[in-house]
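The values are calculated or read from the model by the stated rules, or taken from the named source; none is laboratory data. From a predicted model like this one, the values you see are computed outputs, not experimental measurements. With ideal geometry, Cβ positions are generated from the backbone for all residues, glycine too; neighbour counts draw on all protein chains shown.
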Protein chains: 2
Amino acid sequence: MFYRVNMGTLTVTKEAGDQYQGLGGRALSSKLVETEVDPTAHPLGEKNKLIFATSLLSGTGAPNGGRMSLGAKSPLTEGIKESNVGGAMGMKLGRLGVRGIIFEGLPQKDSCYVVKVSADGVVVEEMPQIKGLDIYAAVAKMQEKYGEKVAIACIGTAGENKMAAACVGFTDMEGAPTRQAGRGGLGAVMGSKGIKAVVVDDSGAEKLVFADEAAYRAGAKKLANALMAHPVTSQALPAYGTDVLVNILSEAGGLPTRSFSSGRFEGANDIGGETMAAVNKERGGKSGHGCSPGCMIRCSNIYKDKKGAVLTGGFEYESVWSLGANLGINDLDDVAMMNRLCDDYGVDTIDMGVALGIAMEAGLAKFGDGKAAIALLQEVGKASPLGRILGAGAAITGKVFGMRRVAAVKGQAIPAYDPRAVKGQGVTYATSPMGADHTAGYAVATNILSVGGKVDPLGAEGQVDLSRNLQIATAFVDSTGLCLFVAFAILDIAEGLEGIVEMCNARYGWNKSVDEYLEMGKQLLREERLFNKKAGIAEGSDDLPDFFRTEKLPPHNTVFDIPKEELNKVFNF
Amino acid sequence: MFYRVNMGTLTVTKEAGDQYQGLGGRALSSKLVETEVDPTAHPLGEKNKLIFATSLLSGTGAPNGGRMSLGAKSPLTEGIKESNVGGAMGMKLGRLGVRGIIFEGLPQKDSCYVVKVSADGVVVEEMPQIKGLDIYAAVAKMQEKYGEKVAIACIGTAGENKMAAACVGFTDMEGAPTRQAGRGGLGAVMGSKGIKAVVVDDSGAEKLVFADEAAYRAGAKKLANALMAHPVTSQALPAYGTDVLVNILSEAGGLPTRSFSSGRFEGANDIGGETMAAVNKERGGKSGHGCSPGCMIRCSNIYKDKKGAVLTGGFEYESVWSLGANLGINDLDDVAMMNRLCDDYGVDTIDMGVALGIAMEAGLAKFGDGKAAIALLQEVGKASPLGRILGAGAAITGKVFGMRRVAAVKGQAIPAYDPRAVKGQGVTYATSPMGADHTAGYAVATNILSVGGKVDPLGAEGQVDLSRNLQIATAFVDSTGLCLFVAFAILDIAEGLEGIVEMCNARYGWNKSVDEYLEMGKQLLREERLFNKKAGIAEGSDDLPDFFRTEKLPPHNTVFDIPKEELNKVFNF
């Protein structure tokens, strides 16, 4: 069942959406955007739509199957965008039988709306008392009104101010807004529609009906076995969280440091996962925290300050990198404060960290100065001209300050793996229709972690094939609602992938093969690229900023050297 | 003869450039950019080049034949850019036999360079004492050093600060820096290369050799006759300047007012050409001023303040519109002050006015408040965060402030003719490879001034054909060095076009037909579009911002309604 919420008329309609059968998550959100949004529409205008889409396995409680997708034309990339998010909402929407919510139109007055979804349907309510609040405060007010058990998606002042790097904050299983649909500025699209929050209450939901519940359970068991067997998903990630990657990447020479000027950070260990786990133990924080229902990996965390008060949560590797190593900052408490501020204002930590790095290179603060970085970030909360520049993301910050070392593709900042030292990842950044996105084809697995085989991270050989295969597989995984980290297990353990296919088939009574699911991934990528072309984004944009090709990255002193013509072969299917 | 100036090594080489035979002006600058610049290069990076190109008739003294072209990959549009400029330099470079100067590389130290061109060749000189100066002051210092008779191209602080809307200021025949290569941010490219100014001294130049001087003179006479016969070029423009268009466009309902929210400005007459001419008479300013050698139209001016001191010059319709009507300002002295500030900081008046309109809509000042607008503009001179936002142009300003009514195409602001009421112009804005550019195919001539026939400005019929024909013809005219305003005469008087063809042929000993010259125009457009495609700009970007299709423009209450598919037929050749 689909809900269509018109913010111009404040009316809600219900649709069967039979034409979208067989689609979930990214495949569904992208299909809705392609079908309903004019590619030439202004991202903040009347013709753009914001999609909340549940995934093929939403509501089932599948292992690590709690994720959902947001979609729209992106104010950051000006192309199609899917932003994938954990937290509690995917499960609840799935239990309510909601496959998608289409938010459309622009509000007629400057108010503040909350969209409430429950077993009784969808209503749009005014809630002026949370207008202008940061996300933590707004969520607390909504929990007072709607109860502790609802799932909430909320924008901060960045979204209300339509900043192009604004994210949407989602509550986790304890109700803390620590999960983000981070990338692509979808918080600004939500803000343009006057929606401060979406609240989902699944009380009274009917029991999910499976086409073949026994077969589903058997499939789930296979995936669970694989997750429990693989050392990355059963040991490294639960123990140290994603932040375990800081030391690994620094060691590999691929941790972008001081605005992509080195691949190794002398302060890596001060901010890495091993340190974070020790701090959590000492202060009574939590490592091994699950971000969404069904999570077996539990790589998230709750981070406390020196006094033992919760400072932030969902404090992930990408954020520790962007706000830490990328700024030359090795004080984990300063980095945690910045993570909290980003989550509270509602801006993407990746684009924000890269933007701050550019601002530092432009002379606004010194690399390594955590307090100065915090002060710059606070400008985003004030929405001062400087804060608006930063809040518009790294590419715009680079443009406004006239900088030429700007790590962004299609307007979106390059994440935590330097493409000169993790070249498969560089291919993904260059070619993904999402703009620079590490999750779109996570070649780090094979380049660095030797999962799914091994491709030399410093060589040009094999990277295009690697990225292509991962982008196709990811397009499928992002449609299931499974956490991308299941990939670690299924790349090495065949039973895991079988389990996923069996769960999807048993959920709906399908009989699809792996190849058919991968074809869905291919078709998704083709359609996303077509949307971008119609939006004005040509194949010429499938490349990295030129400094990655000319400026050598210490310590390996390599450049990104995969020829443009090779990059153009990624989508040869 | 071509000069290649490497700013990395500070060396100059001389080249014959035989491969560029038959090309001049825009055809030459674009060919050099296509040939030598990687389309994926960062506009401010080492791989971009800045081209100064003289035109087919440069140095001849042809009627209105003093213009030249600057070219580069644009920091504003991220595509290919030609910026056409009057003033004294084109004639002098032509007399020196210089067809082009290619500036390449990035300086190794943060200095301030002047490139001096004379009969003795080209030298690069350091001149730290003009670093950070506004253009009028820098030009005065250079005139002290190099003499009053040199022609100077100079950037202001905007170019030094690499603002994406930075222009290059050129001196006119009296040595005042009142002419600009305004559009596309080429001042930032010049700034990235550490070049504060280019100085041309043509003393000692040898006499130009014509293949057939008598035939050249006969052709020149034909064009001169046409210019003297046509009422637009012989009466309206000399008497009132280009600013005569304010009342005409307001009357026609196509004068974008208060950030494109109306097509008619109640204060039009206060800032129109008739008023400007009266003020000039009263204060001892000058109407009927020629901007470059050979000018017969003399549509420029020198504008004095209330005390009789020169305030600004080259105070054109587009600037009066952008800084006046578009901001709801009807005080001509305030508008003149803003024109002076733009010329002094070195920013494009069109992008700046549209950016200020967006800032006003965002609430930073009230429409109509001239003093507040001046204060906002002064932020550009200070390079404050706000000033940097504005200096990055209208599209970036709109993005940073999260606005959805942003009149720009391919990153460049839409000029002084609302596309909803002058629809042929809308086709040109949408489709020109230069981004929104009124001069690329000036349909105003036929839509509003009934020159070259008549196409109803409010109808959709015939606009695509009109824009296509004008874009092709303009690509040729912009290659000759002739002022675009000769088009008024040659569209109605066949003898004028004959004269142009005869001058070009006689200059070089060619025997080309009109069709062959137009084919050069077509080829130029094809190649510029191909560069853009390789740079990542797809056909999907050949459209107007969506609010022009949905928001009705008073007083005619029309929208831009030429279908996307029709726009895609502009380049069907």
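Please state which one of A:ALA394, A:ALA362, A:ALA407 is modelled with pLDDT of 95 or more and over 23 Å from the mean Cα position of the chain (by Cα). Spell out how you get there, then give the answer.
Numbers: A:ALA394 fails: over 23 Å from the mean Cα position of the chain (by Cα); A:ALA407 fails: over 23 Å from the mean Cα position of the chain (by Cα).
After ruling out the rest, the residue left standing is A:ALA362.
Looking across segment A:540-568, the residues that are within 13 Å of another protein chain (Cβ to nearest Cβ), more than 24 Å from the chain's Cα centre (by Cα), not in a loop (DSSP other than H, G, I, E, B) and not hydrophobic (A, V, I, L, M, F, W, C) come down to A:GLY540, A:ARG549, A:THR550, A:LYS564, A:GLU565. Assess whether A:MET228 counts as being over 20 Å from the mean Cα position of the chain (by Cα), crowded, with 21+ Cβ neighbours inside 10 Å and not in a loop (DSSP other than H, G, I, E, B). Considered against the rule, which asks whether it is over 20 Å from the mean Cα position of the chain (by Cα), crowded, with 21+ Cβ neighbours inside 10 Å and not in a loop (DSSP other than H, G, I, E, B), A:MET228 comes out as no. When segment A:356-372 is filtered for residues that are part of a helix (DSSP H, G or I) and either more than 12 Å from chain B (Cβ to nearest Cβ) or touching an Asp or Glu at 6+ places or on another chain (Cβ under 7 Å) (or both), the ones remaining, listed by number, are A:LEU356, A:GLY357, A:ILE358, A:MET360, A:GLU361, A:GLY370, A:LYS371, A:ALA372.
Taking the conditions (1) more than 23 Å from B:GLY294 (Cα to Cα); (2) of a type in the set (Val, Ile, Thr); (3) within 19 Å of the chain's Cα centre (by Cα) in turn, B:THR171 satisfies each one other than (1). Condition first: in contact (Cβ under 8 Å) with a residue 24 or more places away in the chain, small (Gly, Ala, Ser) and within 14 Å of another protein chain (Cβ to nearest Cβ). Now tell me which residues in segment A:378-392 satisfy that. Across segment A:378-392, the qualifying residues are A:ALA383, A:GLY391, A:ALA392.
For A:THR77, the conditions (1) surrounded by fewer than 24 Cβ atoms within 10 Å (Cβ to Cβ); (2) within 14 Å of chain B (Cβ to nearest Cβ); (3) among the polar types (S, T, N, Q) are fulfilled apart from (1). Restricting to segment A:360-370, and then to whatever is touching a residue at least 40 places away in the same chain (Cβ under 8 Å) and touching a helix residue (DSSP H, G or I) at 6+ places or on another chain (Cβ under 6 Å), can you tell me which residue is farthest from B:ARG388 (Cα to Cα)? Looking at the filtered set, the residue picked out is A:GLY370. Just one residue in the set B:ALA53, B:ALA27, B:ALA72, B:ALA41 is touching a Ser or Thr at 6+ places or on another chain (Cβ under 7 Å), within 15 Å of B:PHE531 (Cβ to Cβ) and of a type in the set (Gly, Ala, Ser); that residue is B:ALA27. The condition (being more than 20 Å from the chain's Cα centre (by Cα), basic (Lys, Arg) and at pLDDT 95 or above) is satisfied by just one residue among B:ARG468, B:ARG529, B:ARG507: B:ARG507. Quick one: which residue in B:ALA375, B:ALA395 is farther than 21 Å from B:VAL168 by Cα, within 14 Å of chain A (Cβ to nearest Cβ) and either touching a residue at least 40 places away in the same chain (Cβ under 8 Å) or not in a loop (DSSP other than H, G, I, E, B) (or both)? Selected residue: B:ALA375, the only one of B:ALA375, B:ALA395 that is farther than 21 Å from B:VAL168 by Cα, within 14 Å of chain A (Cβ to nearest Cβ) and either touching a residue at least 40 places away in the same chain (Cβ under 8 Å) or not in a loop (DSSP other than H, G, I, E, B) (or both).
Can you pull out the residues in segment B:524-566 that are surrounded by fewer than 21 Cβ atoms within 10 Å (Cβ to Cβ), closer than 14 Å to B:PRO419 by Cα and of a type in the set (A, V, I, L, M)? Listed by number, the list holds a single entry, B:VAL559.
Screening B:LYS141 on (1) assigned to a helix (DSSP H, G or I); (2) within 14 Å of another protein chain (Cβ to nearest Cβ) shows it passes everything except condition (2).
Can you tell me how many residues within segment B:198-230 are polar (S, T, N, Q) and farther than 20 Å from B:GLY97 by Cα? Let's see the steps before the verdict.
Let us first name the residues in segment B:198-230 that are polar (S, T, N, Q), namely B:203, B:225.
Within this subset, residues satisfying the condition of being farther than 20 Å from B:GLY97 by Cα are B:225.
Of the residues in that region, 1 qualify.
Residues of segment A:121-129 include none that is within 15 Å of the chain's Cα centre (by Cα) and either at pLDDT below 95 or part of a loop (DSSP other than H, G, I, E, B) (or both). Consider A:GLY156 carefully, then state whether it is under 24 Å from the mean Cα position of the chain (by Cα) and within 14 Å of chain B (Cβ to nearest Cβ). Here the answer is yes, as A:GLY156 does meet what is asked.
Annotation: A:ASN301 fulfils all but one of (1) within 29 Å of A:LEU482 (Cβ to Cβ); (2) surrounded by fewer than 24 Cβ atoms within 10 Å (Cβ to Cβ); the unmet one is (2).
Select, from B:ALA151, B:ALA197, B:ALA181, B:ALA165, the only residue that is under 30 Å from B:VAL409 (Cα atoms), touching a Ser or Thr at 6+ places or on another chain (Cβ under 8 Å) and not polar (S, T, N, Q). Show your work before the answer.
On the way: B:ALA151 fails: under 30 Å from B:VAL409 (Cα atoms); B:ALA197 fails: touching a Ser or Thr at 6+ places or on another chain (Cβ under 8 Å); B:ALA165 fails: touching a Ser or Thr at 6+ places or on another chain (Cβ under 8 Å).
After applying the criteria, what remains is B:ALA181.
The residue list B:ALA475, B:ALA460 contains one member that is in contact (Cβ under 8 Å) with a residue 60 or more places away in the chain, aliphatic (A, V, I, L, M) and in a loop (DSSP other than H, G, I, E, B), which is B:ALA460.
Please verify whether B:ALA16 is more than 14 Å from chain A (Cβ to nearest Cβ), touching a residue at least 12 places away in the same chain (Cβ under 8 Å) and more than 30 Å from B:ALA224 (Cβ to Cβ), treating the condition exactly as stated. For B:ALA16, the condition - more than 14 Å from chain A (Cβ to nearest Cβ), touching a residue at least 12 places away in the same chain (Cβ under 8 Å) and more than 30 Å from B:ALA224 (Cβ to Cβ) - is met. Of everything in segment B:172-221 that is out of contact with any Gly (no Cβ under 6 Å at 6 or more places or on another chain) and among the polar types (S, T, N, Q), the residue that is farthest from B:GLY105 (Cα to Cα) is B:SER203.
Mind counting the residues in segment A:399-430 that are within 9 Å of chain B (Cβ to nearest Cβ), of a type outside the set (A, V, I, L, M, F, W, C) and assigned to a helix (DSSP H, G or I)? Residues flagged as within 9 Å of chain B (Cβ to nearest Cβ), of a type outside the set (A, V, I, L, M, F, W, C) and assigned to a helix (DSSP H, G or I) within segment A:399-430 amount to 1. Do we have A:VAL400 as surrounded by 21 or more Cβ atoms within 10 Å (Cβ to Cβ) and more than 30 Å from A:ALA236 (Cβ to Cβ) here? In short, yes.
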